[in-house]
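Nothing in this text is a laboratory measurement; each read-out follows from the coordinates by a stated rule. All figures in this text were calculated on a predicted structure; none of them were measured in a lab. Counting neighbours? That spans all protein chains shown, and the Cβs are built from the backbone with ideal geometry, glycine included.
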Amino acid sequence: MSQGTPSPFRWRLIASCFFAVIVIGFGVGESMGWPFLAGPMQRWIGKTIDRRVSFSADPAAQPVVLIHLLGGITIKADHIEIGAPAWSQAPHMLLARDAQLTLGYGDLIQAGFGAPLRIRELRAAELDGHLERQADGRASWQFGPKTETPDSAAPPTRLPVFGHLMVGTGTVIVRDAVMDLDLDGKFSLTDASQASTSGAPNGMQLSAKGVYRKQPMNIEMQTNGVLAVVAEDASSAALPVTLNVKSGAASLSFKGTATDVLKLTALKGRFVVQGPSLAAVGDPLRVTLPTTGPFRAEGLIAKQGLVWNALFDQVSIGSSRLAGAFTFDPRPRLPLLSGRLTGTNLMLADLGPAVGAPVRKGAAAVAVAASAPQPTVRRSGQVLPNREFDLPALRAMDANVLIEIDKLDLGSGLLQPLEPLRTHLVLADGVLTLRELEARTGQGSLGGTVQLDGRNAQALWTADLRWDGVRLESWFHQTRSDSGPPYITGSLNGRARVAGQGKSTAAILGSLRGEVRMHVVGGTISHLAVEAAGLDIAQGLGMLIKGDDALPIQCTVVDLVAEQGLFRPRVFVLDTADSTLWVDGNLSLATEALDLRVVATPKDFSPLALRTPLHVRGTFANPEISLDKGKLGTRLGASALLGLLNPLAALIPLIDFGSSEDAQRGGDACRSLSKRIAAKPTLAAPAPAKRAAATSLR
């Protein structure tokens, strides 16, 4: 080997020395805090996240900081500031005093491409934050060039992610146009040693006031120890927490434990929540809940990761008493609410606003109406509820809830409640379905499926319902002052398949199309009612003198067809041994108008009968019953003329010999239809206006 060529040993020695110099230099730089890198570091971080970054309160002065680069970037300074975006009027986004900030290299690079900024650790004696988001999605916590040119189709921006955040005192201002939130808050953290010297209460104190969705909001929170603002360490100590939140007329109180403030990690404790409506509480939590009357609920709540679990011991909504256990998971594309709802008593009137009916109490009605969709203006005197549905709420989340109610009170003095009610509520992509609906009433059963499709501007409602063995004498409250028999008895069976669309209950009912069929088996009807329907004066007087009795029903069939809310009877017949009653005409759910005619075909002789059709006209709110003036006038006119010749002759036009053949044909037709319905109860699907309707009715 020539003398001019270094040996391999010398190369290794030179490399080792060079490496040692680098290591020693890096160690010296780490121990000194790299003072000469302060300026370049703040410029490099600022360029990476496309935001002004300063380590000095005076931009013209050389920042005095300690920087450590091993395993990440750790900055200790009296002043650490991250500026606001160019479109913001705020003085800064984040300002920390007497602070230590730790960032990862990879986290900084990802933030430069628009990912949420991950801050491994931030400790500060004082912290001041200004968080803003505009209606177009631009957010002050979104970093990189994408901040200036947001993509409306991009996923919503997320707040910075903290590994650990400890703050002495701080203020935060939130201006979020997307959430319609305007909040100013102050907080402080004092550990036991500081509390003993300063006299301040030990733990965290948080107070925030502002406006959320145009409703005033107040938040008060207190812990009995130093609680991390954000802690990812699952082993962090859980400390007692007290929380009180008021949003509009709704309020929430909580007493329990948690390990951090913002994420409420390992939250566990008891809660009480109340307000003018369930929807008033669901809105702040981004949970779709129905609009109801005033309510109060209490129970246990726990949070595991991002998933919430709640056990409701007592829930009161008006006069209703409910309970349940639920899980809310915000991680899917649409948040999912699942669980079981139970209850001893549910008043339909307490859920009235959910289907468009008004709240029963005046003060509550004002509170609910202030936050509910405004109803369409309609003529006075109409009775069908017309409050518009909150269809966007149906598209905000999914749900899978089993419902078991011991008693559903329909709020009618005429109808018996459903005892019990069982169903499976499924809300998926804006389609709300009540599956496997089962209920008992009047010793009979009700079952089927109901669906509300809220994916479009107008809701599409479909129903496929069956009822079997419903005893009319039990289902209808028929208490009579004369102690007579029930007006009608028997086992009611039938099926309805209908569909409609609109923005309210009234609009849906006004557009209904489909079919309804039912028949009565083994029943009776008031003899007096039949004679009154046939205007048989002689036999009616006889019933009044000797008392009413129950007339066996030989056959009853009702077959209705609906189109655009107009129901017409294809067949509506009631056959007894005394008479056969026929009903024709129509009733409109669109205009709430009645136009029905009742014709009685007698089977027996009567010496005094007017025998003229009855007309039921008017509206649902003001029905009117009248006689067929043409036929009645003919009979009475003939009676008056004959009365001029002989008073007894005036009775001749009023004598009715009956028409047994006509009645027999009507009875045979009724029994034939009844057998066909009993043998084949299925109905044809209503002709849909849209393909979706046909699909849902198959």
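Data table
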item	result
Long-range HN-HN contacts of G490 with modeled amide H, under 5 Å	L472, E473, T524
About the Cα centre, charge dipole magnitude for the range 423-523 (Lys/Arg +1, Asp/Glu -1 at Cβ), debye	160 debye
Taking H519, H424 and counting other C-beta atoms within 10 Å, the order from fewest to most	H424, H519
Under 18 Å from the Y105 label point (7 Å along Cα→beta-carbon), backbone N, the range 27-56	27-31, 34, 37-38, 40-49
Computed magnitude of the charge dipole of the range 12-105 (debye, nearest 20; Cβ of K, R +1, Cβ of D, E -1)	260 debye
Ranked C17, C555, criterion: other C-beta atoms within 10 Å, fewest first	C17, C555
Around D78: net Lys/Arg minus Asp/Glu count, Cβ-Cβ under 15 Å	-2
Over 18 Å (Cα to Cα) - which of K186/K209; K209/K246; K186/K303; K186/K255 fall in this group	K186/K303; K186/K255
Farthest toward positive dipole pole in the range 1-117 [+1 Lys/Arg, -1 Asp/Glu at C-beta], among A96, W34, A20	A20
Coil-residue chymotrypsin sites (Phe, Trp or Tyr not before Pro) of the range 66-121, DSSP, other Cβ within 10 Å capped at 14	W87, F113
Relative packing of 207-215, 119-127, 491-499, which averages over residues the other C-beta atoms within 10 Å, highest first	491-499, 119-127, 207-215
Two-site label geometry, S253 and L69: point separation in nm, points 7 Å out along Cα→Cβ	5.7 nm
Packing-based ranking, highest mean first, of 243-251, 564-572 given that Cβ atoms within 10 Å are counted	243-251, 564-572
